[in-house]
Amino acid sequence: MDIIETLNAAGQQELIAKLESLSGDARKNLERDIATQDWEELKALYTEKSNASLDDNVSGELKPMPFKIATDDLRYDFWKETGEILLGKGQVAAFLVAGGQGSRLGFDGPKGMFDIGLPSHKSLFQLQAERLQNLAAQVGHAIPWCIMTSPLNHEATVNFFTEHNFFGYARENIRFFDQGTICALDPNGKAVVDENNRLALVPDGNGGCFRALAQSGTLAWLIEKGVRYVFLYSVDNALCRICDPAFVGALASEGRSMSASKVVHKAGPNEKVGIFALQNNKPGVVEYSDLPENYRDMTNADGSLTFDGGNIAIHLFKTEGLRKLQTSKLPWHTARKTVCGIEKCWKFEQFLFDAFPQLGTMMPFGVVREEEFSPVKNAEGNDSPKTAREMIGRLHREWLRKAHVEVKPGKLYEVSPTLSYAGEGLSRRVFERELGRNILEFDEE
Ligand code: UTP
């Protein structure tokens, strides 16, 4: 079918008219945009979503998914050592999903370039690069780092890394690749065209990561290198313990599961995080906004929340699992947003956590929020640069306290990830040597 026939069949006559009004490069560009889209799928999506009374809601019975805090488990040290051995054999890679638009933060650029205001003024990308390199040095093997961008932020991301000499990361161990995009539709299901006569293409959600990893050749690159475990994380968690050996070791030694996910106790019924639950006996995540009130507020006999397992978007996949997911169809979620000045447009996206039911069993791995989860979502208030600075400052002060350093009251500390990956290697001697260099002191705000 040629492009006109395809658009006709999809009810996109306005787009045909627009295309036919253009010539030269403008026409070629729009044609190229059109060719990236699956018009049949877009039509079906619009029909399905515009006829649904409630989008993305929960159907069937939900059961809680119990989890334990991993550091309380007697096997923790064994898991950690197992993970270190696997990292040392080059079997573990990091996978950063960084194709989001970061609209809530309001920063003009890829979120990973953002400086959360630590005394070192390191960007999120730099903190991550240093943490990974420290771990790689400890285990004695480079860690491949896959970075998914979107066509909207790819160039800026790659330029930033290039300008900073990849923060010391060996270039051959990093792969940048784009996620897919999907066209926004107006309230009547017609493709939105912007003022430059280009389609209004938006990233297809972090669930596009499985397709993008495979289609870009990155999954094959990892398999070729002998990688068997892929640690997937978001760009904005300032406390993320990337490629955490204990997490890797737990999945490797405990299970038949294709994946594991880090879980925290929810801060309260109204905290805006998805929760892990069994839906129709399959493990998955239910978004905060989709969780019916009766489940949200349900408590156990001791008063604790029944649906208590908060998703912090840190997952580990076996490569067999990723192979399976490359062709699987994840559901589409919708949001009604203003696009190119048109109100209530349809934006479609896939969520990576919808992959879990397709993989069967999943291993929850409980972690302590204060040690591992500080998302930078908003410019101010909750989950902001200020809360991230404070959480890092307090955690690193705790690391120093445990190393018998007499920290000053009212002071917070930033320990460089080049000095310590997760609190190890600190002492009074190291503190004296490094204060003002790799250990910086700052005031509580
Ligand atoms: P968020 O859900 O916080 O979305 O992404 P966001 O786009 O970064 O921010 P807002 O909602 O516009 O404020 C969680 C993680 O998923 C990635 C983000 O980059 C972040 O690491 N993501 C999100 C993608 O990689 N692609 C997407 O299409 C969406």
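The values are calculated or read from the model by the stated rules, or taken from the named source; none is laboratory data. If you're wondering where the values come from, they're calculated on a predicted model, not measured in any experiment. All Cβ positions, glycine included, derive from the backbone under ideal geometry; neighbour counts span all protein chains shown. Protein only, heavy atoms only, side chains kept; ligands, DNA and RNA dropped before computing areas. Shrake-Rupley method; radii C 1.70, N 1.55, O 1.52, S 1.80 Å.
Points worth noting:
- Label sites at Ile85 and Asp302, each approximated as a point 7 angstrom past Cα along Cα to Cβ, lie 3.4 nm apart.
- Taking 7 Å steps out from each Cα toward its Cβ at Glu14 and Glu432 produces label points 7.3 nm apart.
- Evaluated over segment 338-445, the count of Lys pairs having alpha-carbon atoms less than 28 Å apart is 8 (only pairs 8 or more residues apart or interchain).
- Here nothing in the chain passes the span test, since no DSSP H helix has an alpha carbon length of 15 Å or more along the helix axis and a Kyte-Doolittle mean of 1.6 or above.
- Under the combined filter of DSSP loop state and at most 12 neighbouring Cβ atoms within 10 Å, segment 90-160 retains none of its trypsin sites (Lys or Arg not before Pro).
- Options Phe348, Ser23, Leu86, ranked by Cα towards positive dipole end of the chain, top entry (Cβ charges): Leu86
- Alpha carbon convex hull of segment 208-250, volume per residue in cubic angstrom: 88
- Taking trypsin sites (Lys or Arg not before Pro) across segment 150-213, the ones in a DSSP loop with at most 15 further Cβ atoms lying within 10 angstrom of their Cβ are Arg198.
- Calculated mean residue ellipticity, 222 nm, the chain: -9500 deg cm²/dmol, from DSSP H runs (n ≥ 4) at -39500 (n - 2.57) each, averaged per residue and rounded to 500.
- Per atom type, segment 377-440 shows carbon and sulfur on 46% of its accessible surface, probed at 1.4 Å.
- Nonlocal amide H pairs with Met363, under 5 Å, H built at 1.01 Å: Ser259, Ala260, Ser261
- Nearest-10 value in Å² for the accessible area of Cys240, using the 1.4 Å probe: 10
- Rolling a 1.4 Å probe across all protein chains gives Val285 an accessible area of roughly 20 Å².
- Within the chain, all pairs of alpha-carbon atoms sorted by distance into 10 Å bins from zero give the percentages 4, 19, 29, 26, 14, 5, 1, 0.
- Summing charges over all other residues whose Cβ lies under 9 Å from the Cβ of Leu19, with Lys and Arg as +1 and Asp and Glu as -1, gives 0.
- Positive minus negative residues near Ser416 (Lys, Arg vs Asp, Glu; Cβ under 10 Å): 0
- A 1.4 Å probe run over segment 162-253, with the rest of the protein chains in place, finds 34 Å² accessible per residue.
- Projecting the Cα atoms of Met258, Gly274, Ile312 onto the charge dipole of segment 252-333 (Cβ charges, centred on the Cα centre) puts Met258 farthest toward the positive pole.
- Loop trypsin sites (Lys or Arg not before Pro), segment 272-360 (other Cβ atoms within 10 Å of the site Cβ: 15 or fewer; DSSP): Lys272, Lys329
- Annotation: amide H of Asn378 within the under-5 Å range of Ser384, sequence separation 5 or more or interchain, hydrogens built in the peptide plane.
- Within straight-line cross-link reach of Lys89, lysines at Cα separation under 29 Å, skipping those fewer than 8 residues along the same chain: Lys68, Lys80, Lys225, Lys262, Lys318, Lys324
- Spin-label model, Asn382/Asp73: points 7 Å from Cα along the beta carbon direction are separated by 2.9 nm.
- Counting DSSP beta bridges with both ends in the chain, the antiparallel % (nearest 5): 65
- Surface per residue (accessible, 1.4 Å probe) for segment 371-440, Å²: 50
- Rounded to the nearest 10 Å², the accessible area of Glu163 at probe 1.4 Å: 140
- Ligands, DNA and RNA are left out, and with a 1.4 angstrom probe the accessible area of segment 2-57 is 59 Å² per residue.
- Charges were assigned to the Cβ only: +1 to each Lys and Arg, -1 to each Asp and Glu. The resulting dipole of the chain about its Cα centre is roughly 960 debye.
- Label point 7 Å beyond Cα of Asn197 along Cβ direction - residues of segment 22-37 with amide nitrogen under 11 Å: 22-31
- Taking the centroid of alpha carbons for each part, segment 325-340 and segment 351-387 are 20 Å apart.
- Kirkwood hydrodynamic radius over Cα pairs of segment 273-340, then Stokes diffusion coefficient at 37 °C and 0.692 mPa s, in µm²/s: 222
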